[in-house]
Each structure stands twice: as structure tokens, then as C-alpha cells.
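Quick notes on the structure that follows.
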Amino acid sequence: MANNYSPRRAAPSGEPERRRTSAPRESGYTQERRAPRETGYTSPTRQARPSSDGYTRTPGYSMEDLTPRAPRNTAPARTSRESRPVRDTGYERDVYVRRTPQSRRRKKKPPILPIALVVLLLVIVLVVVLVVRGCSAQPADGGNSSTNSSSQTSQVSGTDSQTSGVDSTVSGTDSSAPVSSAVSEAPTPAPQEEPQAAPETIGSLLVVGDTAYEYYNFNTDLANQYITAVADAGEKLSGISTLYDMVIPTSIDIDLPESYIDRNQLNTSDQRQAIEEYIYPSIQAMNSSVKTVSIFDTLKSHANEYLYFRTDHHWTQLGAYYAYVEFCNVRGFEPVPLDQFDRKDYTGYLGTFYSNTESSALANNPDTVEAYIPKANVTLNVTQSDGTVLENWPLIANGDEYGQNMKYLVYCGGDQPYEEITNNDMTDGPTCIVVKESFGNCFIPFLVNHYSKVYVIDYRHYTAGTVTQLAQQVGADDVLCLNNISMTRNEGLVNQFSNIF
């Protein structure tokens, strides 16, 4: 605030008097007196400094009359003035008292390092909880779908179809060490030669030479939903059946060398990492009673063999056999050697990949359906969607009676809601329920050598109840879930699977 008063003069002896109001000096011109500014404050009265304070001036203002009284640095402290009225702020304040620099409060620097450590610990704890419990909310489908539906009647009609796409969800996996129920060491991958053909995208599929592949893109939220469904199923079946879970990789990560995928920067996620380092460890962390069956490394060690079709999204029965061996290792069965099965080949198969691309390269090199038929005396009864029961249906039908694009339906009657398989050579043996989609069809024939009864539920079509109810009803010893990894990123299929238990 500006200082609006002139220097004080020494007052005569006696009581100090208030400042006198004097007439303006004669200056030869008229000066209007400026009205005092309205400030809202009451003008305080001031006291003149005592004559002993500093220098004393005589009324004549001559330099000779200035008589020093005391050095400046020994002058007594000046008397405090009356405070001007101030706005009520809720606290007392002396307008004229200033704090010395030493009395000013210094702002402390925030404890950056301790705060950073606390935040880091919270982030680590949050990540661990999410990975261990897999409790993420379910989002909308990111555009990645894979649907398989087919129907087989006694007239052999219907088709098996799949719609696949690249999910735009950012790939992410947990770095936890894989936990597997398998007892064997991971086999060494087979040496693979890179294809000479350049990759080509046709629709939503990848075509390399005469072979088509489905892209896979990991979806964290849907994978977590699948993990939770399996863990919850294990809880529901506790005390009734032992739950086994097998996630089947698709052909792109088995047939193609990793170097080819990396060199061509193919937009597909690492399936081994998704299965062995995320899905399986998360399931067992939530429910250790669930037995996971690791098959990726086994399939990769046989990558130079005919494990997947070139023109279809399914695996061959040879690929399913190697997975069956790993299941036997986990379950404690002795696997039946492959040469003890009768084999039949059905040529000229053009599957879903050809139907989706109509590629001439695929058409010029059709697949062969290799069927391995167990020697056990079995009976298969198939219940169709309309309730019709097909009794004594062949476990593996004659593929020559099927159309060019339907030969995969020879296994176990195709995709039916419910089936019962009885091993007539085994009067007293364990029982098993297989919960599957179409990848399970060619796997099931290998199980009949170990179970007296095998009950098959296709969760996409079954509406007669839940797996838990059936397990209680038939006294099932084991429940085996068979799903290809593309299913774990498909919202519709994951929802159907979650509701079947």
C-alpha cells in the first residue's frame, strides 16, 4: 500500500502532538485539493516520533540545524502504529509486523522416494492378484470369433464351419513360470525348415503356399473368463469327479517355424506363452485340484509330421494321438501304441479354410483324413438336437460316404449334443465325461480303451442339464475338457462353456 503521508517534523517539548493540518504554501498557481480516496478503511491517528529518535530538524529546515542524536544502528525500535481495520479472515493479523527470514516456515520437499516405493509395491501386489485370481471383467468381443457348428443325421447332412478373425486386443501375457500336471520333461522341438512361399492374407486367414492358417490373438479378459470357468467347474465337481483341462494349440504355431513368423512379422500371438505361462498357471493357482494337460511342446516336437490339415482348421487324428499320450501320462494310464489301431485313409478332403478362401493352391492339394480305429468292441449311441437317438452308430464312420467338405464328420458322429460310448469288453472300469467342441471328435476314440463308459457333451448344443448333474447321475470318475485355444478368445463359446457346469 502506498505511503500517503509526508516526513514527520520534531514536535515541541511536551506531549507529542498529532500532525497539524497546514495551509498550502503559496506557489503562484492554484492547486485543487484532491479528495481523499475512498478505501473503506478508517484513517488511523499517527504519533510523531519522539525528538530523541534519529535526527531532529529545526523549523527552519537549514542543514546547520540538523544535529545528530545517535547512530542509526542504535536507534530504539519504532513504536508500533495502530492497526488499520482489515477484512475478517478468521485469524488475527498484525499489519505492520513482519516475520524475519529466519521465522518464515520453509516448505519441506515431498518424500519422493518413499512414495515411489509404496506405489511400486501397490502395483506389484495388484498385478499378482489379477494374475493369480484372474478376476477381470468380461468385455465385449474384440472381433475375434471362431464358431464351429455341424450336424450329422442318418442321411449324412450338414456342414462344419468356422468364422475366424484377427482380434485387435493388445496381446499380453503373464511372465510367471508355467505350472503343468505333466510328469514328463518337455520334448525337444523338431528342426523345421522355413517355407519358401511368402505369406498371403486372404480374408481373415493366412495362406502360405498350399496351406492356410488361422491367426491367433490373445484376449486377456476372455482368457480370464475361461480360467475362472474351469476353476469354478473344479469346485462344483469336488468330491464327485476329477477335472482335467486340455487347451489345444492351432496349426500356425506348430506348423510354422518361429523364425518364419518373426521374420514376416505375422500378427499372431505366442500360443505356448498363452497356454503354458498364463492359462494353466492361473487355473492351478485358483484351484489346484484341476489337472492341466500340456501338449504344446509334444506337438512341436512332431511338427514335421501330419498333425494339422492344410485346408481345414482342425488337427488330424495323429495330432490328437500325441495329445492322448500326454493325457495318459497325467491320468496314470498306459497309452495304447499307435500301431495297435486299425487305420483307414479318406482322401480328397477340402475343409473350412478352403471354403473361406477358395484358394486354388489349397484346391490343388486336398487333405487326407486318417482314421485310427480302436479294436475294442464298443457301442455308440448318438442323441441329436431334435432328440432323435441314433443307436449303434459307428465310432468312426466310412469316410467314402461323405462329401468332399464333410469328411471330418466321420469321428464319433460329428458335432452332436450328447453321446454315450460303451466298451463292451470292460465290465468294471472307470467312467469319463468329455466336454468338448469339434476338436474333441477325433480325440475321443482313443479313450475307449481305458473307460467302460465315455459320455460326450458338446457344450455348444447340449441343453439337457449341466455337467455336474450328469457326473452325479452316472458317478463319473473323470471329466475332461477339450478346447482349442481359439475358443478362449471367443465370447460366445466362453459363455456357453461357463454355463455348462
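Every number in this text was worked out from the coordinates using simple rules, so none of it is lab data. Just so you know, these numbers come straight off a predicted model, no measurement behind them. Note that each Cβ is placed from the backbone with ideal geometry, even for glycine, and that neighbours are counted across all protein chains shown.
Which of the peptides 375-387, 288-300 is most tightly packed, and how do the rest follow, judged by the mean count of other Cβ atoms within 10 Å per residue? Working shown, then result.
On the way: 375-387: 15.5, 288-300: 21.2.
Ranking, from highest mean packing down: 288-300, 375-387.
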Check your understanding: Between VAL123 and SER288, how many nm apart are label points set 7 Å from Cα along the C-beta direction?
Key -> 3.1
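Using Stokes-Einstein with the Kirkwood hydrodynamic radius over Cα pairs, what translational diffusion coefficient do you get for the range 135-499 at 4 °C and a viscosity of 1.567 mPa s, in µm²/s rounded to a whole number?
Taking Rh from Cα pairs, D becomes 63 µm²/s.
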**Study point:** Part-to-part distance (alpha-carbon centres) for the range 348-403 and the range 201-241, which is given in Å
**Key:** 23
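Please give the charge dipole size of the range 311-430, origin at the Cα centre, charges +1 on K and R Cβ atoms and -1 on D and E Cβ atoms. Round to the nearest 20 debye. Intermediate values should be presented prior to the final figure.
Working: 5 positive and 18 negative charges, 38 e Å.
My answer is approximately 180 debye.
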Practice item. With only Lys, Arg, Asp and Glu charged, each at its Cβ (+1 for the first two, -1 for the last two), find how big the charge dipole of the range 135-499 is about the Cα centre; round to the nearest 20 debye. Key: 460
Study note, to complete from the structure: Amide H contacts under 5 Å for ALA303, restricted to residues at least 5 apart in sequence or on another chain and with H modeled in the peptide plane, are ALA190
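Please label the shape of the range 253-385 as rounded, prolate or oblate, based on the square roots a ≥ b ≥ c of the eigenvalues of the alpha-carbon gyration tensor (a/c under 1.5 means rounded; beyond that, a/b larger than b/c means prolate, else oblate). All intermediate terms of the calculation are to be shown ahead of the outcome.
Numbers: a/c = 1.77, a/b = 1.04, b/c = 1.71.
Cα axes put the range 253-385 in the oblate bin.
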Exercise for review: Could you pull out every residue, at least 5 positions away or on a different chain, whose amide H is within less than 5 Å of the one on THR292? Hs are placed 1.01 Å off N in the peptide plane, and Pro or chain starts have none.
Suggested key: SER181, ASP245
Point to revise | Gyration tensor (alpha-carbon) shape descriptor, the range 332-396, a/c threshold 1.5 | key: oblate
Point to revise | Positive-end extreme of charge dipole, the range 135-499 - chosen from VAL207, TYR346, ALA464 (charges on Cβ) | key: ALA464
Check your understanding: Is there a pair in LYS407/LYS436; LYS344/LYS375; LYS344/LYS436; LYS375/LYS453 whose C-alpha atoms are over 21 Å apart, and which pairs would that be?
Key -> LYS344/LYS436
Study note, to complete from the structure: Extension length gain for ASP425 and LYS344 (0.36 nm per residue less Cα distance), in nm, is 26.9 nm
Practice item. List the relative contact order of the range 135-499 as a percent without decimals, with contacts defined as Cα pairs under 8 Å and 6+ residues apart. Key: 21
